[in-house]
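The block underneath contains the structure these notes are about, expressed in structure tokens.
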Amino acid sequence: MRRPPTFKMAELNTPQFEKSVDLTEMRCPNLIIAVIHELKQMPQGHILQVIAADLNAPSNIAAWCRQSGHPLLEMYEENGRFVFFLQRLAQASDATPSFQNLVDGE
């Protein structure tokens, strides 16, 4: 029987991030709204690490990144939590149109 490879933390090529936010208690769509809020506060080019437990988070965050233009640099699962690395881009939109009213408080 072949064993899966083991990795030391130093071997992983995770991006260096400027801010980390633990959103394990949130569920979508509130999780996405929190991500939008955090990214809006960051300067262009900075990287946000997001930790989530919602089983829909991988597909929802990946879809939002594609729609908004903010790159999803890395995503992995660790101990039942999902870890995402998103980069803030100035030319990307802060939210998709369906979330814009929620973010603006309307």
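The values are calculated or read from the model by the stated rules, or taken from the named source; none is laboratory data. All values derive from a computational prediction rather than experimental measurement. So basically every Cβ, Gly included, is an ideal-geometry build from the backbone, and we count neighbours across all protein chains shown.
Mind counting the residues in region 9-60 that are of a type in the set (S, T, N, Q), out of contact with any Ser or Thr (no Cβ under 9 Å at 6 or more places or on another chain) and part of a strand (DSSP E or B)? Write out each step before concluding.
Taking region 9-60 and keeping what is of a type in the set (S, T, N, Q), we get 13-14, 16, 20, 24, 30, 41, 44, 49, 56, 59-60.
Now restrict to residues that are out of contact with any Ser or Thr (no Cβ under 9 Å at 6 or more places or on another chain): 13-14, 16, 20, 24, 30, 41, 44, 56, 59-60.
Filter again for part of a strand (DSSP E or B), leaving 20.
Residues in region 9-60 being of a type in the set (S, T, N, Q), out of contact with any Ser or Thr (no Cβ under 9 Å at 6 or more places or on another chain) and part of a strand (DSSP E or B): 1 in total.
Please go through region 68-93 and give me each residue that is loosely packed, with under 15 Cβ neighbours inside 10 Å and polar (S, T, N, Q), ordered by number.
Asn79, Gln91, Ser93
Has region 49-61 got any residue that is surrounded by 14 or more Cβ atoms within 10 Å (Cβ to Cβ) and either in contact with a Pro (Cβ under 7 Å, 6 or more places away or on another chain) or at pLDDT below 65 (or both)?
Within region 49-61, none of the residues are surrounded by 14 or more Cβ atoms within 10 Å (Cβ to Cβ) and either in contact with a Pro (Cβ under 7 Å, 6 or more places away or on another chain) or at pLDDT below 65 (or both).
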